[in-house]
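The structure appears right after this line, and notes come after that.
The values are calculated or read from the model by the stated rules, or taken from the named source; none is laboratory data. Note that the coordinates shown come from a computational prediction; the quantities given were computed from them, not determined experimentally. Don't worry about glycine lacking a Cβ; one is built from the backbone with ideal geometry, like all the others, and counts go over all protein chains shown.
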Amino acid sequence: MLLLLSALLGCPVPSGPAPAPGAERQRSPFAASWAPRATNVLVVVLDDVGTEALRLYGEEPEGARTPTLAALAAEGVLFRNAYTAPTCSPARAALLTGRYARRTGVGDAISTDSTWRLSHEEMTIPEMLRRSRRPWRTAALGKWHLAGRGATDWGRDALDQGFQTHRGAPANLFTYGTGLQDASYTKYEKLVDGALSVHTVYATTDTVNDALDVIGGMGEPWLTWVAFHGAHSPFHVPPDRLVRRQISDDAPRIDQFRGMVTAVDTELGRLLRRMDPDVLSRTLIVVLGDNGTDGRVVPPPIHGREAKFTLYEAGTRVPFVVSGAGVGARGSETRALVHAVDLLPTVAQVAGVDTAALRVDLDGHSLLPLLSRPSGPWPRSVLVTERFTPNGSGPWSEQGIAVRDRRYKLMEIREEGKTTETYLFDLKGRTTDGPNLLDAPLDDRATQALPALQKAMKRFERIPVGARR
């Protein structure tokens, strides 16, 4: 059995696929102490980690071992069809605002030296929480990546977006644009409430150190955003103590990447293990990836050109596990079509905030009903994700839109506003997209599905574009 208590105590836990819904399972003593309703929310964001990267999802037998995440899934709900944008900044903007990229204007990664940022006119989760009847404490830790260094007061951006505390790197741990000639996971620039300095603690460990320090000093209720850099490049061999098995310095990049994923999982376990048990018992835990895996470290048969940065399944379908307080259907899975934009409405419902009173056009739905009835009614029958460049309200030099229902997926790629490529995929029984059905005559079922997907795409394109700096 996958027991959360075992993971928190550091005991070996197998990291295979979660059992099928309804399978008999033993609950850990820890699970029995969880409160029926959440007081706090812990959001954990993995960087560049697709579903195929984890053994937990059962898609790749050589995937990374993640016993902490597997234990959370065993006591929570695992989402099989969770989607985000195909790259960092748009996914984070969608998570924090509950709005599609075309509304916020963040459709591509914000470059280090850019003047672009997620508009401060957008309502973010910490700003939404100010509408709650209770005073929420909020903190953003780890990678931010929602403001370029050319933006005004870029170092305070997370604070200006509503978080009361911010500790973490402005964006990726790269040399380019940072002022460091040898930036890495052990030498990087970090902001602490707007003050920039160089840090040398291994970045994955540093993020958890900050989380333990901040959470330990916050009153309840709180929301803490923990955005790991792992397992984004630069690829490297993590410290041995974090990977459970030794990885040689000359190991293939994919082995280094998997070690980096395991290192994140190990440090996540340390965070949960060292939190006050009473506080943890009142905490809803949301763990998800920001986008798919880097094409340089995806395993066959996934092609590197169908991973991160693309609207293929390997670029946009991500790990998503919700566990802890408020989860009724523990040890379950759902195939509901969920999206990054669903996070804000979920947190709003936890906090008792009426989203209808926010006067903001939200695109997401609260996930709380699925935490009690994973196979129950869900308002989204068609899911849409997109990418475009450059950031802003257009015109866009490149744009892609993907629309899927429970079985079929329609994808269009455009340049300068003109459609250049169109694909139709049958996702039944697949975790990758498969062949383009439009390359041959369609069968009756696909023929019937295509018009509805085309209609959904046109309806999506009628959403007003409202990008603001």
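Can you pull out every residue in region 377-402 that is out of contact with any Ser or Thr (no Cβ under 9 Å at 6 or more places or on another chain) and assigned to a loop (DSSP other than H, G, I, E, B)? So that I can check it myself, show each step before the final result.
The initial filter retains those residues of region 377-402 that are out of contact with any Ser or Thr (no Cβ under 9 Å at 6 or more places or on another chain), namely 377, 379-384, 386, 392-395.
Correct list: P377, P379, R380, S381, V382, G392, S393, G394, P395.
Please pick out the residue among S233, S248 that is in a loop (DSSP other than H, G, I, E, B), among the hydroxyl-bearing types (S, T, Y) and at pLDDT 95 or above.
S233
Per-residue answers, yes or no, for (1) among the basic types (K, R); (2) more than 15 Å from the chain's Cα centre (by Cα); (3) buried (at least 24 other Cβ atoms within 10 Å of the Cβ); (4) assigned to a loop (DSSP other than H, G, I, E, B):
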position	(1), (2), (3), (4)
P61	no, yes, no, yes
A70	no, yes, yes, no
A73	no, yes, yes, no
L78	no, no, yes, no
P86	no, no, yes, yes
P90	no, no, yes, no
A93	no, no, yes, no
L96	no, no, yes, no
R103	yes, yes, yes, no
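I'd like to know if region 310-324 contains one or more residues that are on the phi > 0 side of the Ramachandran plot and either touching a strand residue (DSSP E or B) at 6+ places or on another chain (Cβ under 7 Å) or not assigned by TED's automatic domain parsing to the domain that holds G429 (or both).
yes
Could you grab me the full set of residues in region 113-151 that are within 19 Å of V45 (Cβ to Cβ) and hydroxyl-bearing (S, T, Y)?
Listed by number, the residues that qualify are T124, T138.
Just one of L141, L95, L180 is more than 29 Å from A53 (Cα to Cα) and among the hydrophobic types (A, V, I, L, M, F, W, C); which is it?
L180
Which is among the hydrophobic types (A, V, I, L, M, F, W, C) and surrounded by fewer than 17 Cβ atoms within 10 Å (Cβ to Cβ), of A456, A402, A452?
A452
Being on the phi > 0 side of the Ramachandran plot and modelled with pLDDT of 95 or more narrows it down to one residue among G331, G400, G394, G417; which is it?
G331
Please enumerate the residues belonging to region 363-409 that are touching a residue at least 40 places away in the same chain (Cβ under 8 Å), more than 24 Å from A93 (Cβ to Cβ) and not hydroxyl-bearing (S, T, Y).
L371, R373, P374, D405, R406, R407
Is there a residue in region 447-456 that is touching a helix residue (DSSP H, G or I) at 6+ places or on another chain (Cβ under 6 Å) and not aliphatic (A, V, I, L, M)?
Here is the first cut: in region 447-456, the ones touching a helix residue (DSSP H, G or I) at 6+ places or on another chain (Cβ under 6 Å) are none.
No, region 447-456 has no match at all.
When residues of region 157-182 are filtered for being surrounded by fewer than 17 Cβ atoms within 10 Å (Cβ to Cβ) and of a type in the set (K, R), how many remain?
Residues flagged as surrounded by fewer than 17 Cβ atoms within 10 Å (Cβ to Cβ) and of a type in the set (K, R) within region 157-182 amount to 0.
Restricting attention to region 141-153, and to residues there that are surrounded by 24 or more Cβ atoms within 10 Å (Cβ to Cβ) and out of contact with any His (no Cβ under 8 Å at 6 or more places or on another chain), which single residue is farthest from G392 (Cα to Cα)?
Once the filter is applied, the top-ranked residue is H145.
Could you grab me the full set of residues in region 121-163 that are basic (K, R) and within 21 Å of T207 (Cα to Cα)?
R137, K143, R156
Quick one: which residue in L438, L424, L442 is in a strand (DSSP E or B) and either under 21 Å from G292 (Cβ atoms) or at pLDDT 95 or above (or both)?
Among L438, L424, L442, only L424 is in a strand (DSSP E or B) and either under 21 Å from G292 (Cβ atoms) or at pLDDT 95 or above (or both).
Can you find, within region 356-372, the residue that is modelled with the highest pLDDT among those that are of a type in the set (D, E, K, R) and surrounded by fewer than 16 Cβ atoms within 10 Å (Cβ to Cβ)? Before you say what the answer is, go through the steps one by one.
As a first pass, look at region 356-372 and keep what is of a type in the set (D, E, K, R): 359, 361, 363.
From what is left, the residues that are surrounded by fewer than 16 Cβ atoms within 10 Å (Cβ to Cβ) are 359, 361.
Numbers: R359: 93, D361: 96.
This residue is D361.
So in region 32-47, with the set limited to residues that are of a type outside the set (S, T, Y), in contact with a helix residue (DSSP H, G or I) (Cβ under 6 Å, 6 or more places away or on another chain) and modelled with pLDDT under 80, which one is nearest to E75 (Cα to Cα)?
W34
Among the residues that make up region 293-307, is at least one of them more than 13 Å from F228 (Cβ to Cβ) and in contact with a strand residue (DSSP E or B) (Cβ under 9 Å, 6 or more places away or on another chain)? Show your work before the answer.
Let us first name the residues in region 293-307 that are more than 13 Å from F228 (Cβ to Cβ), namely 293-307.
Subsequent filtering for residues that are in contact with a strand residue (DSSP E or B) (Cβ under 9 Å, 6 or more places away or on another chain) retains none.
Checked region 293-307: no residue is more than 13 Å from F228 (Cβ to Cβ) and in contact with a strand residue (DSSP E or B) (Cβ under 9 Å, 6 or more places away or on another chain).
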